[in-house]
1. Being under 25 Å from the mean Cα position of the chain (by Cα) and either closer than 30 Å to Lys80 by Cβ or aromatic (Phe, Trp, Tyr) (or both): is that true of Tyr253 here?
2. Out of curiosity, is Gly251 at pLDDT below 95 and closer than 30 Å to Val158 by Cβ?
3. Among the numbered conditions (1) on the phi > 0 side of the Ramachandran plot; (2) touching a Pro at 6+ places or on another chain (Cβ under 6 Å), tell me where Cys145 comes up short.
4. How many residues are closer than 21 Å to Val301 by Cα, touching a Lys or Arg at 6+ places or on another chain (Cβ under 7 Å) and open to solvent by less than 10 Å² (accessible area, probe 1.4 Å) when one looks only at segment 68-106?
5. For segment 107-116, indicate whether the set of residues that are touching a residue at least 12 places away in the same chain (Cβ under 8 Å), in contact with a helix residue (DSSP H, G or I) (Cβ under 6 Å, 6 or more places away or on another chain) and farther than 17 Å from Thr296 by Cα is non-empty.
6. When segment 302-316 is examined, which residues are found to be within 16 Å of Leu40 (Cβ to Cβ) and either at pLDDT 90 or above or in a helix (DSSP H, G or I) (or both)?
7. Could you check how many residues of segment 144-163 are at pLDDT below 90 and surrounded by fewer than 18 Cβ atoms within 10 Å (Cβ to Cβ)?
8. Within the group Ile239, Ile264, Ile243, which residue is under 29 Å from Arg176 (Cβ atoms) and of a type outside the set (Ser, Thr, Tyr)?
Amino acid sequence: MEKQIAYLQTEMATLQSQKHPLTVANVIDNEQKMLMYPSLKPQMFRIIDSTLQRFPLVYVDSWTPSAFSRTDQLFMTLMKLKLNCPFLDLAERFCTSKATIHNIIITHVFALHEVFFEGMMENNILSLLKCKASMPAIFGDFNCCRLVIDATEVTQDVPGQDMTAQSQTYSSYKNRHTVKSVTGVAPNGAVVYVSKLYPGSTSDVAIVKHSNMLAKLSPGDMILADKEFTIHSLLPQGIHLNIPPFLKDKGQYTPAEVQVCRKIARSRIHAERVNERIKYFEILSHIPQQFRHISTKIFQVCAMLVNFQNPMIADIANNYSFDL
């Protein structure tokens, strides 16, 4: 009995010393942990997982990491986007190598972008009829609004020794090297348009013009925007733009102009809140050199994931349920 006890104690110590990889099964039933790691509630994670598994994966490094299920691979990818854990940290958590983590994450960024952004979001701005069907009360004065647009910047590494590229990516507004995107939000708070990333020195007007965003709208549509979007000359016939009035040489706004500014600000703040949510994904806190070639895909995937989070507008959230 003494020998058997000693053997079992040794075996128990050995098992306790072994590392156990993190898996989604460890946290899927804990909503707080799911919101901390992949930033999604369990139901939304399952929807993304089941949808993605309908499509085959072609791994970027030309070999399949068979030690992990597709579900766990998605989990570690979303962890990277949300927490920006270094590859070595993720390798330790999942008991694997940095090369395996790299292969999984880059592959899944491409897959998420192709299935959910290109397949569902891109070129699918909600029609005005659908916008009106879910129009929050705060848009009462802008009931023809189809899109609220705003620009956001993300810092990145200095682009090598190319002085031209350095000049283009330097943002005088942020006082560092950045890339910029214009996002479009429907009145109900859904992200419906995300441009590619442009050098930080690019003006908001130039991004709207180059991205051909306005061609996706129809006569009768209205756009709400900030003062930086002086795109009147770019508007197709029948498209309306509402931006706050300029002070110009006047000492102050008239009472009517103050009311207009307030109404526009109350309505377009949802676009700013969406951009804040996008940048809650820590991978966008600073884009390193190794991710520059897929920075647009990463940004657009993070924007797409915002649509799987809780609605940010009270009118919409009150009629929303996760009972799937």
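1. The answer is no for Tyr253.
2. Considered against the rule, which asks whether it is at pLDDT below 95 and closer than 30 Å to Val158 by Cβ, Gly251 comes out as no.
3. Result: Cys145 fails condition (1) only.
4. 2
5. Looking for residues that are touching a residue at least 12 places away in the same chain (Cβ under 8 Å), in contact with a helix residue (DSSP H, G or I) (Cβ under 6 Å, 6 or more places away or on another chain) and farther than 17 Å from Thr296 by Cα, one finds none in segment 107-116, hence no.
6. Of everything in segment 302-316, those that are within 16 Å of Leu40 (Cβ to Cβ) and either at pLDDT 90 or above or in a helix (DSSP H, G or I) (or both) turn out to be Cys302, Ala303, Met304, Leu305, Val306, Asn307, Phe308, Gln309.
7. 6
8. So the residue among Ile239, Ile264, Ile243 that is under 29 Å from Arg176 (Cβ atoms) and of a type outside the set (Ser, Thr, Tyr) is Ile243.
The values are calculated or read from the model by the stated rules, or taken from the named source; none is laboratory data. Keep in mind the model is a prediction, meaning the values are calculated, not measured. Every residue, glycine among them, receives a Cβ derived from its backbone with ideal geometry; neighbour counts consider all protein chains shown. The accessibility values were calculated without ligands, DNA or RNA, using every heavy atom of the protein model including side chains. Shrake-Rupley method; radii C 1.70, N 1.55, O 1.52, S 1.80 Å.
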